[in-house]
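Below is one structure, written out as structure tokens, with a few remarks after it.
The values are calculated or read from the model by the stated rules, or taken from the named source; none is laboratory data. This one's a predicted model, so the numbers in the text were calculated from it and none came from an experiment. Ideal geometry is used to build each Cβ from the backbone, glycine not excepted, and the neighbour counts take in all protein chains shown.
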Amino acid sequence: MRRIAIFMTISLAALPAFAQKQMKVKSKAEGAAVNAMLTSQDPDARIKAADDLITKYADTEFKPYALYLEADAYAQKNDPDKAIVFGEQALEADPKSYQSAVLLCKMYANTTHANDLDKADKIAKIDKYGQQALTNLASAEKPNANLSDADWTNVKNDLMGQAYFGLGIAAVYSNKVDDANTDFQKVAEMDSDPTDLIRAGRAYLDVKKPDQAIPLFDKVLSSATAPAQIKTIATNDKTRAQSMIKK
């Protein structure tokens, strides 16, 4: 799970400009704890710093964001179960958190497969969090005055693209091909991460629809920004899809 760089490293004086809404620290010590969390260099350090902040300052206004950062860190560690736990806590603490809603939508999407016994429940969660993310983003205000309007639009589009990725996955596993293709077209237009299109194509392969998967892999291959390594993966997946059609 990538992090969206809409914030910046802060000093105590700049704290109110950090995160989705204006937040303030109540003491210099709390400010130091927040800075430790925001400037942590790896997921494990970020998890520890977020835990320390919430434990020492239970009434901190940064609690929802700290919980989101923990969820995001666990996503980076490829631990979707804990990412979901902390993501749901973050969204409960701040129902307007579009970042938490997007994260949860993608975590459930990335862990759904055709033969899951709890597939229906996962699809419901994807739809719930995906729609919540889009609703929250529609009314979201620019979180940082130093962020240009153009950059803020790009950030929102990228987050919306990620939500549409999740909704498209839910549509694939609900056998709603037209809806899935519509969602994935929005992914191609808005989502800056080409690996989401690869995951979308693999979902189609999972439900034995290789003809629907190939155009998604082609979009990655035609991307001007996709790294060579990602295009190699897309090429291999396209070859696999073509072999499924031949059979």
Residue among Thr195, Thr182 that alone is in contact (Cβ under 8 Å) with a residue 24 or more places away in the chain and surrounded by fewer than 17 Cβ atoms within 10 Å (Cβ to Cβ) | Thr195
Going through (1) free of Cβ contacts under 8 Å to residues at least 12 places away in the same chain; (2) part of a helix (DSSP H, G or I) one by one, Lys142 fails only at (2)
For Asp206, indicate whether it is within 17 Å of Ala114 (Cβ to Cβ) and touching a residue at least 60 places away in the same chain (Cβ under 8 Å).
-> yes
Residues in segment 155-173: is at least one over 30 Å from Lys96 (Cβ atoms) and in contact with a Leu (Cβ under 7 Å, 6 or more places away or on another chain)?
-> no
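Residue-by-condition table, conditions (1) modelled with pLDDT of 90 or more; (2) of a type outside the set (A, V, I, L, M); (3) touching a helix residue (DSSP H, G or I) at 6+ places or on another chain (Cβ under 8 Å); (4) under 17 Å from Gln99 (Cβ atoms):
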position	(1), (2), (3), (4)
Ile6	no, no, yes, yes
Phe62	yes, yes, yes, yes
Ala83	yes, no, yes, yes
Phe86	yes, yes, yes, yes
Within segment 60-119, how many residues turn out to be in contact (Cβ under 8 Å) with a residue 12 or more places away in the chain, acidic (Asp, Glu), surrounded by fewer than 24 Cβ atoms within 10 Å (Cβ to Cβ) and under 17 Å from Gly130 (Cα atoms)?
-> 2
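Residues checked against (1) out of contact with any helix residue (DSSP H, G or I) (no Cβ under 9 Å at 6 or more places or on another chain); (2) in a loop (DSSP other than H, G, I, E, B); (3) modelled with pLDDT of 95 or more:
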residue	(1), (2), (3)
Gln99	no, no, no
Val102	no, no, yes
Thr112	no, yes, yes
Ala133	no, no, yes
Leu167	no, no, yes
Ala170	no, no, yes
Asp183	no, no, yes
Lys186	no, no, yes
Could you figure out which of (1) among the small types (Gly, Ala, Ser); (2) part of a helix (DSSP H, G or I); (3) at pLDDT 95 or above; (4) over 17 Å from the mean Cα position of the chain (by Cα) isn't true of Ala150?
-> (3)
